[in-house]
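The structure appears right after this line, and notes come after that.
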Amino acid sequence: MIYGAMHFSLGGSLKLAFRPWVEGLENIPLTGPAILASNHLSFSDSFFLPAVLDRKVTFIAKAEYFNAPGVKGKLTAAFFKGVGQVPVDRSGARGAGEAAIRSGIKVIEGGGLFGIYPEGTRSPDGRLYRGKPGGLARVALATGAPVIPVAMIDTEKIQPPGTVIPKLLRPGIRIGKPLDFSRYQGMQGDRFILRSLTDEVMYEIMKLSGQEYVDVYATAAKRRIADEAEQAAQEQKRTGPEQQQPAREEQRSGPERKRTARDEEHAVSPPPAR
């Protein structure tokens, strides 16, 4: 009931304001379970995709969104529940992964649509990064549910990281044909199968999105970017005083140049030699 109200109000507002275009809606089953595997460009991805679908889509979200204190915390929790997100404690990496898998299996067993981002985090630069062979593949192999690749397009331009007010740009959503991995069902303990399944899904997402593919994990790319930014900041601190020194010398030499020019102007020429 809450989801229906939120879908009508928030979804309607998003469609009216941003006018997202959609291709491949016919690939979403009218009934029955399915996994929607999408690229991840923006915080808004989890709102635009459900907004264009008639069926409820369940994503996982950080538990912090659901247990913050005070009135604001309760409103935030109600909002995320209303848009179909379920809490997962991410304090421990392995425990968080297992919790996400259990949540996905529960949604699928209930006949629902489970949304997941195989990259594990938002792209730091708009490119498509290597999918993690954990949640997506294990949920698919444990349930036999079809995997539907989804490409979010231009959502990173609407609300770039660090911005609060979104830009009124038109995003796109491409939905691919369902992928059947039931032939591997029950083989979630085989690491080769997990890797192969994930790579196949990422390839389909790449074809739909047109993104450049980077064969490293997005989390590793973010760490590298953060390390480079920190190194640049440290370098700036080290070179800052040296760069400021010429300016101080310039300031000191200004009056000296004036005195020199004044002395030259009033200097007495020596008498000519006889």
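Comparing the stretch 2-216 with the 2.2 N^0.38 Å rule of thumb, its C-alpha radius of gyration ratio is 0.97 (two decimals). The label-point distance for T121 and F79, in a model that sets each label 7 Å from Cα toward Cβ, rounds to 2.3 nm. Take the Cα of S13, step 7 Å toward its Cβ, do the same at A226, and the gap between the two points is 3.2 nm. Most tightly packed first, judged by the mean number of other beta-carbon atoms within 10 Å of their residues, the peptides 11-18, 128-135, 217-224 read 128-135, 217-224, 11-18.
Taking 24 Å as the cut-off for C-alpha to C-alpha distance, list the pairs among K62/K132; K62/K177; K132/K207; K56/K106 that go past it. K62/K177, as the Cα separations exceed 24 Å there. Label-to-label distance, S182 versus L168, with points set 7 angstrom from Cα along the beta-carbon direction: 4.7 nm.
Since every read-out is calculated from the coordinates, none of them should be taken as a lab result. This is a predicted model, so every value here is computed, not measured. Using ideal geometry, Cβ is built from the backbone for each residue, glycine included, and neighbour counts are taken over all protein chains shown.
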